[in-house]
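Peer 1: Starting off with a structure, shown below.
Read-outs throughout are calculated quantities, based only on the coordinates presented, and are distinct from any laboratory measurement. Quick caveat, the model's predicted, so the values are computed rather than measured. As a convention, Cβ positions derive from the backbone with ideal geometry for all residues, glycine included, and neighbour counts pool all protein chains shown.
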Amino acid sequence: MTTEQLHPSPDSPPQQHSSHDPHDLPGPHGSYNPRSPHDPHGSPHGGDHLLFLAEALRTFHDTGALAPSGPALVNALVVPALSRPNRPISVLEVGAGTGVVTRRLAQVLRPGDRLHVVEANPRFADRLREDPALAARRPGVGLRLSACRVEELPEAAAGPEGGGGPEDGGGSERYDVIVSGLPFTNFEPALVRNILDLYLRLLTPGGELTYFGYLGTTTARTLTSGPRRSARHRAVVRLLRRFEATYGLGERTVWRNLPPARAHLLRAPGPYA
């Protein structure tokens, strides 16, 4: 496992961050409607889509898509970082890929905030290390990259009770926000259950989690896969629906994505400080 601090460029100008807006909050009737501001940075690498496609074809089980998330889906996923308390926050992004969500988070976070990015694919991790938009983030925003799976983090190994501090590799690191880009329906149900339980352990009381799934995957899996894979897929979907029924705040269907996706917003038990 490789964990490293990514330091901002001292010559980079401060970036603007989005202020709180009531439309960023969960809306009634189980939906939420974040704003979709234009990201002035976009992708700093013209080859992001080509790299993503190459890695998807090479390791589709772990990548789970053929292209990075589009702007509308990205903005749906970063809602909790916009609807935030008036204090520094800590954010964990899991499965960053080529960094489309990472760059948006780096844009909206404020001095004193911390962003911990976890990416297991070494080629994606290398791209994140070289990303000029991340290097040019607002001074005072801490950024750490862990090139590993989320279940390999020291915080995960520490178990529910934690122990030690984040600065000495202990397990007491907790996060106000977790943004997950993992392709859950590609995994075995037991692994998905373990990851969801880990997210709940890593969140502060009242902390929020976002993740997404593509529309129509159950039908596609049934038509293109054998009975065993179809049954595994349906089992993961049932597990996710139960998790959302217990902790969910709302969901948003993003039609302007390839393919269309549904973003889910969930909250850990307990009062949010």
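Peer 1: Tell me the net charge near ILE89. Cut-off is 9 Å between Cβ atoms, ILE89 excluded, with +1 for each Lys or Arg and -1 for each Asp or Glu.
Peer 2: +2
Peer 1: Please list, ordered by chain and number, the residues whose modelled amide H lies under 5 Å from the amide H of GLY206; skip anything fewer than 5 residues away on the same chain.
Peer 2: ALA268, GLY270
Peer 1: Taking amide H positions as placed 1.01 Å from N in the peptide plane, with prolines and chain starts having none, which residues 5 or more places from ALA136, or on another chain, fall under 5 Å of its amide H?
Peer 2: SER9
Peer 1: Let me ask you something else. Could you compute the net charge surrounding TYR272? Neighbours are other residues with a C-beta less than 13 Å from the C-beta of TYR272; K and R count +1, D and E count -1.
Peer 2: +2
Peer 1: List the residues whose amide H sits under 5 Å from the amide H of LEU143, counting only those 5 or more places along or on another chain, with H placed 1.01 Å from N in the peptide plane.
Peer 2: LEU6, LEU115
Peer 1: Please arrange THR204, THR224, THR210 by how many other C-beta atoms lie within 10 Å of their C-beta, fewest to most.
Peer 2: Going from sparsest to densest Cβ surroundings: THR224, THR204, THR210.
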